[in-house]
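The values are calculated or read from the model by the stated rules, or taken from the named source; none is laboratory data. As the structure is a computational prediction, the values presented were derived from the model and not from experiment. So basically every Cβ, Gly included, is an ideal-geometry build from the backbone, and we count neighbours across all protein chains shown.
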Amino acid sequence: MAILKILVVDDEPGIRSGVARIMRKFKVDYPFMDEHVDFTILEAESGEAGIDIIESEMPDIILLDNKLPGIQGIEVLEYVKKRNYDITVVMITSYASLDLAVKATKDGAHDFIPKPFTPQELRSSIENITKRIFLKRMTRQMGDQGKQIRFQFLSVLSHELKAPINAIEGYLEMIKQRQMGQSIEDYDTVVDRSLERVKGMRSLILDMLDLTKIETENKTRTMELCNMESIARNAIDTMNPLAIQMDITIDLQAENNISILADCSEMEIIFNNLISNAVKYNTQQGNVQCLLKMEEDNAVIIVKDTGIGMEKEDAEKIFDDFVRIKNAATKKISGSGLGLSIVKKIIDQYNGHISVDSEPGVGSEFTVKIPSVNKI
Amino acid sequence: MKKKIILIVDDDMDYLFQLKVKVEGFGFETITAESQKEAESIIETTKPDLAIFDLMMENEDSGFILSYKIKRKYPDVPVIIATAVSAETGMTFDINSEDDQQWIRADQFLDKGIRSDQLKNEIDRLLKKE
């Protein structure tokens, strides 16, 4: 937006050339803008000619005289407003016609410049308008980006929610039509896979709840002293049934009294996700190690597994929304693809850091650092 | 008569399995792949009589890429792209206009929720045309 177009609609040639002269070397600076703004001047001697230029050039600002030979200025203003054009209209008028001023304001004129005006009056009016246009466009751009991200998230989400429903529906159809045979044993895989997809869907819904929690807790976070060791212990206990099934041992090593001031439910989400991943993506008779320590002013959590690991290019993506690494090793493991992105979102809130070090077939090591400026 | 071979590619193992059972139920033989990559290596060595591709796999346009590749190697193999995309994103594809036919090398787009008998009709129709 380095150049704004100003259209002057006035039947007096003197006014038009006057505006052009005053604006010729005028620039507007604003602390938030990278560059200053210049102006180009377009001229129309009547309302009709003005509308033609509006359609062909789409100016940013119109300086509009009301008393014109053909249609009146106020009709040009109505034309612009009816079409919702993003144009700031300034009426050039004399103080005398208060009625007109009221009507024009109602119709959306932004400002009035009395006629005759001084160069200084014109410049200061244009300067204010320029800043306002700049801020308005900035805000709109940011709003659009926010909406964009939200839309993408929702469309992926709907895909992720629909996929398991389609799969389960497909299996139910197969059962109904006896496609696999007449005895119930013929359907063991079909039922197992359906249950697996139900599980995946449930974990997606639970993760969604975590996400909503993070979003609302930005406003209502309850900070308290969280004992990291006991939170880790709880997360390990929760995962123990699955760990036992897979013959996996989970070890916890913690320095004394690592407590940080945080929302403890968010710390639980971090531990639950990291430890459940370390078990889920592990191998039979594998091992999980959870280490807690202080390092300078950071609480450090390390969760290390002896699992399937991943390639470097996969490791770079796993903190994004809905990313699941698809390969033969992960094929039968269900997950929402949201867990680590939630963990990262939380850690970001605390100005912390998460990283992963991984090798396929050897295992992964996640390291979380959370500043404990608040450590007591 | 030798059974016709249908290549099915989809990264959702459950959908893949269900489609395989269905298509085998119609009396065809099937080869399956769970990724664009796997499908590409199958195409290298094997010529199916018809192929059914999921649209979004490793890439958002995996189905298009596979169609392009298979048509280049075997121009006479009919291709169906099965997608759930339109219902989710509002994007629609149509291969009836000439413009689209030039760059989308598929013979038919089908919604993933298609009924069995419709699917069978489409496969039979495409195989007959060939």
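Listed by first and then second residue, the pairs linking a residue in the stretch A:156-181 that is more than 7 Å from chain B (Cβ to nearest Cβ) and in contact (Cβ under 8 Å) with a residue 12 or more places away in the chain to a residue that is crowded, with 19+ Cβ neighbours inside 10 Å and of a type in the set (D, E, K, R), with Cβ atoms under 6 Å apart and 6 or more places separating them unless they lie on different chains, are A:Pro164/A:Arg197; A:Ile168/A:Arg197. Looking for something at pLDDT 90 or above, part of a helix (DSSP H, G or I) and charged (D, E, K, R) - is there at least one such residue anywhere in the stretch B:49-65? Checked against the condition, which is being at pLDDT 90 or above, part of a helix (DSSP H, G or I) and charged (D, E, K, R), the stretch B:49-65 yields no hits at all.
Filtering the stretch B:87-119 to residues that are modelled with pLDDT of 75 or more, in a helix (DSSP H, G or I) and more than 13 Å from the chain's Cα centre (by Cα) leaves B:Ser116, B:Asp117, B:Gln118. Scanning the stretch A:148-172 for residues that are modelled with pLDDT of 70 or more and of a type in the set (Gly, Ala, Ser) gives A:Ser158, A:Ala163, A:Ala167, A:Gly170.
Only one of A:Thr212, A:Thr238 is within 29 Å of the chain's Cα centre (by Cα) and either farther than 19 Å from A:Ile318 by Cα or modelled with pLDDT of 90 or more (or both). Can you tell me which?
A:Thr212
Mind listing whichever residues of the stretch A:305-355 are touching a helix residue (DSSP H, G or I) at 6+ places or on another chain (Cβ under 7 Å), within 14 Å of another protein chain (Cβ to nearest Cβ) and among the hydroxyl-bearing types (Ser, Thr, Tyr)? If the condition is that a residue be touching a helix residue (DSSP H, G or I) at 6+ places or on another chain (Cβ under 7 Å), within 14 Å of another protein chain (Cβ to nearest Cβ) and among the hydroxyl-bearing types (Ser, Thr, Tyr), then A:Ser334 is the only one that fits.
Cβ-Cβ contacts under 8 Å between residues 6 or more apart (or on different chains), taken from a first residue in the stretch B:6-30 that is more than 11 Å from chain A (Cβ to nearest Cβ) and surrounded by fewer than 22 Cβ atoms within 10 Å (Cβ to Cβ) to a second residue that is part of a helix (DSSP H, G or I) and not hydrophobic (A, V, I, L, M, F, W, C), are listed as B:Phe26/B:Lys120; B:Thr30/B:Lys20; B:Thr30/B:Glu24. For A:Asn256, the requirement of being in contact with a helix residue (DSSP H, G or I) (Cβ under 9 Å, 6 or more places away or on another chain), buried (at least 21 other Cβ atoms within 10 Å of the Cβ) and either within 30 Å of B:Glu58 (Cβ to Cβ) or free of Cβ contacts under 8 Å to residues at least 12 places away in the same chain (or both) is not met. For the stretch B:34-52, filtering for residues that are of a type in the set (A, V, I, L, M, F, W, C) and either within 12 Å of chain A (Cβ to nearest Cβ) or over 15 Å from the mean Cα position of the chain (by Cα) (or both) leaves 0. Would you confirm, using the coordinates I've provided, whether A:Asp314 is of a type in the set (Asp, Glu), in a helix (DSSP H, G or I), at pLDDT below 90 and surrounded by fewer than 20 Cβ atoms within 10 Å (Cβ to Cβ)? It is true that A:Asp314 is of a type in the set (Asp, Glu), in a helix (DSSP H, G or I), at pLDDT below 90 and surrounded by fewer than 20 Cβ atoms within 10 Å (Cβ to Cβ).
Considering only the stretch A:254-292, state which residues are in a helix (DSSP H, G or I) and under 14 Å from A:Gly335 (Cα atoms).
Quick first cut of the stretch A:254-292, residues in a helix (DSSP H, G or I) only: A:264-280.
Within the stretch A:254-292, A:Asn272, A:Asn273, A:Leu274, A:Ile275, A:Ser276, A:Asn277, A:Ala278, A:Val279, A:Lys280 meet the criteria.
Tell me which residues, restricted to the stretch B:53-85, are within 14 Å of another protein chain (Cβ to nearest Cβ), among the polar types (S, T, N, Q) and either surrounded by 15 or more Cβ atoms within 10 Å (Cβ to Cβ) or in contact (Cβ under 8 Å) with a residue 40 or more places away in the chain (or both). Matches in the stretch B:53-85: B:Ser62, B:Thr83.
Here's the yes/no breakdown for (1) out of contact with any strand residue (DSSP E or B) (no Cβ under 8 Å at 6 or more places or on another chain); (2) outside the structural domain of A:Gln289 (by TED's automatic domain parsing); (3) surrounded by 13 or more Cβ atoms within 10 Å (Cβ to Cβ):
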| position | (1), (2), (3) |
| --- | --- |
| A:Leu209 | yes, yes, no |
| A:Lys213 | yes, yes, yes |
| A:Met228 | no, no, yes |
| A:Arg233 | no, no, yes |
| A:Ala243 | no, no, yes |
| A:Ile250 | no, no, yes |
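None of A:Val279, A:Val368, A:Val303, A:Val323 is of a type in the set (A, V, I, L, M, F, W, C), assigned by TED's automatic domain parsing to the domain that holds A:Asp237, closer than 25 Å to B:Met57 by Cα and in contact with a Leu (Cβ under 9 Å, 6 or more places away or on another chain) except A:Val323. For the stretch A:190-207, the condition holds for at least one residue, the condition being that it is of a type outside the set (Lys, Arg), in a helix (DSSP H, G or I) and within 19 Å of A:Ile354 (Cβ to Cβ). The set of residues in the stretch A:244-299 being of a type in the set (Val, Ile, Thr), touching a Cys at 6+ places or on another chain (Cβ under 8 Å) and more than 19 Å from A:Pro371 (Cα to Cα) consists of A:Ile250, A:Ile275. What do you reckon, is A:Asp186 at pLDDT 90 or above, more than 10 Å from chain B (Cβ to nearest Cβ), over 36 Å from the mean Cα position of the chain (by Cα) and under 30 Å from A:Ser341 (Cβ atoms)? Against the criterion (at pLDDT 90 or above, more than 10 Å from chain B (Cβ to nearest Cβ), over 36 Å from the mean Cα position of the chain (by Cα) and under 30 Å from A:Ser341 (Cβ atoms)), A:Asp186 does not qualify.
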